[in-house]
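Taking it in order: structure first as structure tokens, then the write-up.
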Amino acid sequence: MPDSTRKGILSCSGCNSPDGCRHDPSKRRENSLDWFIAEALRGHYVGMTSTYAFQSFNAYNLQMSMNASELGPGPMPFAHFVVKVASRCNIKCTYCYVYEQADRTWITQPRRMSDAIELATIARIGEYLAELGNQQALVILHGGEPLLYGAQRIERFAERLRAECGRRGVDAKLALQTNGTMVDDAWLDVFDRNGIHVGLSLDGPPDVHDAKRRDKVGAGTYERTAEGLRRLLSSTGDRGSPPAVTAVIDPAARPRDVVEHFLGLGVEHVDFQLPDVNHDSYPHAQWPLGTFGAWLIELYEELRRIDRPMRVRSIELLVGLLLGAPYGGDILGPRSFGTLVIDTDGDYHAHDALKATFDGATITGASVLNEPIRSLVTHPMVLAHTDKATAASADCLECPLFSVCGGGLVAHRYSASRQYDNRSVYCTDLAMFIRHVEDALTQWRGDRIDAVSAGASVATR
Ligand code: SF4
């Protein structure tokens with residue numbers, strides 16, 4: 001890495017001093033590497049102001065609030081509950097893993113969760129959290145498009161969840177992931193009244209977003225989504241909860257353009273996601289191996305260059321893991337807190353992205369009607385995400401990067417011939433990205449990192 005870049009990491013935008021700004025602290029670059037480190041280690045993005053941040057750092061919060069000896073080496077508990085209140089969508093994204101890829105389970109699922117299943121779902125979550133001992137969790141209303149459940153039902157869900165949590169003395173925050181096209185002032189009132197953290201899916205500038213995120217007659221949805229986002233952002237002051245954006249990476253778009261677009265809209269929290277493809281579906285002619293690694297590195301360097309803060313989940317997770325955090329997330333790290341999906345019929349499902357692999361890949365055979373949530377903690381497809389060594393390939397287990405990479409997202413390891421017994425289809429990309437960020441951390445690990453990390457050590461492999 002050139003020395004000029006090193007100077008930029010810790011300096012303000014004005015004086016470029018390697019010791020930080022000596023002139024005006026307000027000029028300090030909040031995207032500096034030590035900002036990432038400090039935020040990663042602070043670990044209490046929780047408490048907190050956005051769905052994304054809550055999701056990505058809920059694990060740290062739980063880690064801090066749980067008695068570590070209770071956790072021990074056993075299965076990791078669930079911290080996220082993805083509740084599918086609506087099993088249809090009002091738009092038709094080309095890459096949607098629920099409706100447009102291998103899985104067909106949605107066809108037989110109720111369009112909406114029934115009142116009885118909603119009550120049973122909330123009771124199971126409350127029961128599980130009480131068994132865990134009052135640990136915090138995040139309940140994410142999902143779909144399809146969760147707003148199709150209707151404002152009254154969502155408000156009722158929020159009220160019931162609050163009542164259940166109050167009755168049991170547990171704490172579950174409520175979030176919602178929407179495509180944004182239906183968000184109007186009435187919805188903002190619902191979100192505000194019920195403290196619902198909102199995440200919104202937007203892939204970038206109009207041409208990038210509209211290439212994949214289209215409605216049912218093939219028209220782009222950018223303008224409707226962006227309008228929903230503007231409404232959410234304009235009301236953030238009242239709600240104190242800026243929306244987080246989930247963006248599927250289109251490598252044809254330059255990271256700089258995407259970042260500038262999001263910052264122009266006022267977005268500060270982004271979860272950039274790799275497309276949900278696997279060894280059987282990866283389009284090698286279109287995306288040569290390394291395409292996404294190069295994109296992520298360019299994103300990382302862009303975030304270090306700009307003077308405005310933007311938080312990116314994958315980078316924060318990676319920095320935390322490189323600094324020795326014991327838990328990552330579904331996309332990185334060998335262990336993570338669990339995510340349980342509960343569908344409109346009350347069935348428990350494993351990680352949603354598996355729907356892109358084969359029909360029925362997420363089915364557990366259990367339901368809120370006949371099984372407590374604790375019985376799912378040791379389900380093989382849950383363990384494959386919470387303790388990735390249980391299902392990782394021999395290549396990954398022997399890989400020197402496994403303690404950080406964890407083999408990536410399980411769904412990205414799939415092939416019909418070997419199931420999940422593969423490296424990630426993004427192996428080249430993940431290794432490029434990890435090594436690049438590790439190099440940056442290594443260069444700055446001296447006194448400054450020691451001071452910030454308060455004893456945490458940079459992982460050396
Ligand atoms: S996916 Fe690749 S980089 Fe990641 S652990 Fe497996 S072999 Fe290593």
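Please count how many residues of region 180-198 are among the acidic types (Asp, Glu) and at positive phi.
Residues in region 180-198 being among the acidic types (Asp, Glu) and at positive phi: 0 in total.
Exactly one of (1) touching a helix residue (DSSP H, G or I) at 6+ places or on another chain (Cβ under 6 Å); (2) within 12 Å of the ligand (Cβ to nearest atom); (3) among the polar types (S, T, N, Q) is unmet by THR362. Its number?
The number of the failed condition is (2).
Could you tell me which of the residues PRO275, PRO242, PRO255 is at pLDDT below 85 and crowded, with 19+ Cβ neighbours inside 10 Å?
PRO242
What is the number of the single condition among (1) closer than 28 Å to VAL183 by Cα; (2) surrounded by 17 or more Cβ atoms within 10 Å (Cβ to Cβ); (3) under 22 Å from the mean Cα position of the chain (by Cα) that THR105 does not meet?
(3)
Among the candidates LEU233, LEU303, LEU296, single out the residue that is part of a helix (DSSP H, G or I), within 16 Å of the chain's Cα centre (by Cα) and on the phi < 0 side of the Ramachandran plot.
Selected residue: LEU296, the only one of LEU233, LEU303, LEU296 that is part of a helix (DSSP H, G or I), within 16 Å of the chain's Cα centre (by Cα) and on the phi < 0 side of the Ramachandran plot.
How about region 97-148: which of its residues are part of a helix (DSSP H, G or I) and among the hydroxyl-bearing types (Ser, Thr, Tyr)?
THR105, THR108, THR121, TYR128
Can you name the residue in region 368-391 that is small (Gly, Ala, Ser) and crowded, with 17+ Cβ neighbours inside 10 Å and is also farthest from ASP343 (Cα to Cα) among such residues?
Checking each candidate, the answer is ALA391.
So the check is Cβ under 6 Å with 6+ separation or different chains; which pairs have a first residue in region 400-429 that's in contact (Cβ under 8 Å) with a residue 60 or more places away in the chain and polar (S, T, N, Q) and a second one that's in a helix (DSSP H, G or I) and away from the ligand (no atom under 11 Å from the Cβ)?
Matching pairs, first to second residue: none at all.
To keep it simple, each residue is scored yes or no on (1) within 11 Å of the ligand (Cβ to nearest atom); (2) over 17 Å from LEU318 (Cα atoms).
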site	(1), (2)
MET381	no, yes
LYS388	yes, no
ALA392	yes, yes
LEU401	yes, no
CYS405	yes, no
ALA411	no, yes
TYR414	no, yes
SER424	yes, no
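I need a count of the residues in region 426-440 that are away from the ligand (no atom under 11 Å from the Cβ) and of a type in the set (D, E, K, R).
2
At pLDDT 95 or above, away from the ligand (no atom under 16 Å from the Cβ) and buried (at least 24 other Cβ atoms within 10 Å of the Cβ): which single residue out of ASP343, ASP347 fits that description?
Among ASP343, ASP347, only ASP343 is at pLDDT 95 or above, away from the ligand (no atom under 16 Å from the Cβ) and buried (at least 24 other Cβ atoms within 10 Å of the Cβ).
Give region 111-149 a look and list any residue that's at positive phi and out of contact with any strand residue (DSSP E or B) (no Cβ under 8 Å at 6 or more places or on another chain), or say none.
Result: GLY133, single match.
Since ARG88 meets every condition but one in (1) among the charged types (D, E, K, R); (2) buried (at least 16 other Cβ atoms within 10 Å of the Cβ); (3) not in a loop (DSSP other than H, G, I, E, B), which condition does it not meet?
It fails just one condition, (3).
Return the pairs, sorted by first residue and then second, in which the second residue is part of a helix (DSSP H, G or I), the first residue lies in region 241-260 and is among the acidic types (Asp, Glu), the beta carbons are less than 7 Å apart, and the residues are 6+ apart or on different chains.
ASP250/VAL208; ASP250/ALA211
Identify, from the list GLU159, GLU155, GLU164, the residue that is free of Cβ contacts under 8 Å to residues at least 60 places away in the same chain, within 18 Å of GLY346 (Cα to Cα), in a helix (DSSP H, G or I) and acidic (Asp, Glu).
Checking each option against the conditions leaves just GLU164.
The values are calculated or read from the model by the stated rules, or taken from the named source; none is laboratory data. Remember, predicted model here, so these are calculated numbers, not experimental data. Don't worry about glycine lacking a Cβ; one is built from the backbone with ideal geometry, like all the others, and counts go over all protein chains shown.
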